[in-house]
1. If packing is taken as the average number of other Cβ atoms within 10 Å across a peptide's residues, how do 50-61, 192-203 rank, most packed first?
2. Under the Kirkwood approximation for Rh and a Cα-based Rg, what ratio Rg/Rh is obtained for the stretch 118-159?
3. Rg and Dmax of the stretch 16-65, Cα atoms, in Å?
4. Where the Cα atoms of the stretch 116-221 are projected onto their three principal axes, how long is each span, largest first, in whole Å?
5. What per residue convex hull volume, in Å³, comes out for the chain when only alpha-carbon positions are used?
6. Against the empirical 2.2 N^0.38 Å scaling, what ratio does the C-alpha Rg of the stretch 81-178 come to?
7. List the relative contact order of the chain as a percent without decimals, with contacts defined as Cα pairs under 8 Å and 6+ residues apart.
8. In nm, to one decimal, how far is the residue 133 label point from the residue 169 one, both placed 7 Å along Cα→Cβ?
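The values are calculated or read from the model by the stated rules, or taken from the named source; none is laboratory data. Predicted, not measured: the structure shown is a model, and the values here were computed from it. With ideal geometry, Cβ positions are generated from the backbone for all residues, glycine too; neighbour counts draw on all protein chains shown. Just so you know, the surface numbers come from the protein's heavy atoms only, side chains and all, with ligands and any DNA or RNA stripped out. Shrake-Rupley method; radii C 1.70, N 1.55, O 1.52, S 1.80 Å.
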Amino acid sequence: MNAPQTGPEDHTAAEDQDAGSPACVMSFNANDASGASGIGADIATIAAMGAHALPVVTSLLIRDSAEVFESHEIDAEAVIDQARSVLEDITIASWKVGFLGSAEGISAVAEILSDYTDTPLVSYLPNLSWMDEDAQMAYLDAFRELILPASQVLVGNHKTLTDFLLPDWDAERSPSARELAVAAAEHGCAYVLVTGVQLPDQFIDNVLASPQGAVAGERFE
C-alpha cells in the first residue's frame with residue numbers, strides 16, 4: 001500500500017505512486033444492473049486505461065436496457081465511510097464523479113473532494129429526466145455549486161449539457177462544444193467532453209473542448 005494521503009499538502013499522486021503500479025482512480029457512481037452506465041462501466045473504462053478503480057457506490061438504479069425507473073440512494077454517511085476508509089491508505093491519481101443520487105449525496109462527496117483539491121476531477125452529468133422535478137432541480141443546483149467548480153473536465157451528452165449550462169439558449173442552431181466550454185469555464189471548469197453532437201449525413205461527434213476551441217474529436221456513423 002502507498003503512504004496515507006491526508007490532503008492537498010501531500011506530494012502529487014505521480015510522485016507517491018510506486019514504480020510500476022497502476023494509478024488509482026476513485027469513482028463515485030450509482031450501481032447500474034444493466035451495465036450500461038454507473039460504477040460497472042467506470043470500472044471497465046478505468047481498467048481499459050491501465051488504471052485501478054476504487055469504486056464507491058452512491059445509489060442503486062432500478063432500470064432496464066432502455067430507461068431508468070427509480071433510484072435508491074445510499075446514506076450519505078455510508079458514502080463518506082466507503083471513501084474515507086480507502087483514502088486512509090491508498091494514494092489516488094484522480095477522481096471520477098458520476099450520478100451521486102441526490103443533493104445530499106453531492107454534498108457528501110464534495111466534502112471529500114474539498115480535502116484533496118490538487119487531485120484532478122472528471123465529472124459526468126447524466127440525463128436526469130426520469131427524476132421528480134423538485135429532486136432534479138435540487139440535484140442540478142448542488143452539482144453546479146459544489147461539483148462543477150472543482151471539475152477539470154465535465155462530460156455529458158450534447159443536449160444534457162446544453163440544458164444545464166445554457167438553459168436560455170434560443171438560437172436555431174445548437175451550441176458548439178466551444179460555447180458549452182465557455183459556459184462551463186464561468187463556473188471554474190476547464191474543459192467539456194460533449195458526446196452525441198449531431199452532424200450531417202447521420203454522423204455524431206464526441207468533442208473535447210476548452211473555451212478556446214475544440215481540442216480533439218471522434219466521429220461515428
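1. On the way: 50-61: 19.8, 192-203: 15.3.
In decreasing order of mean packing, 50-61, 192-203 become 50-61, 192-203.
2. Details: Rg = 11.2 Å, Rh = 11.2 Å.
Ratio value, two decimals: 1.01.
3. 12.5, 42
4. Largest to smallest, the principal-axis extents are 40, 35, 23 Å.
5. Details: hull volume 29.8 nm³, N = 221.
Spread over its residues, the Cα hull of the chain gives 135 Å³ apiece.
6. On the way: Rg = 14.9 Å, N = 98, 2.2 N^0.38 = 12.6 Å.
So the stretch 81-178 has a normalised radius of gyration of 1.19.
7. Values: 441 pairs, mean separation 34.1, N = 221.
With pairs under 8 Å counted, the relative contact order is 15 percent.
8. Using points 7 Å along Cα→Cβ, the separation is 2.3 nm.
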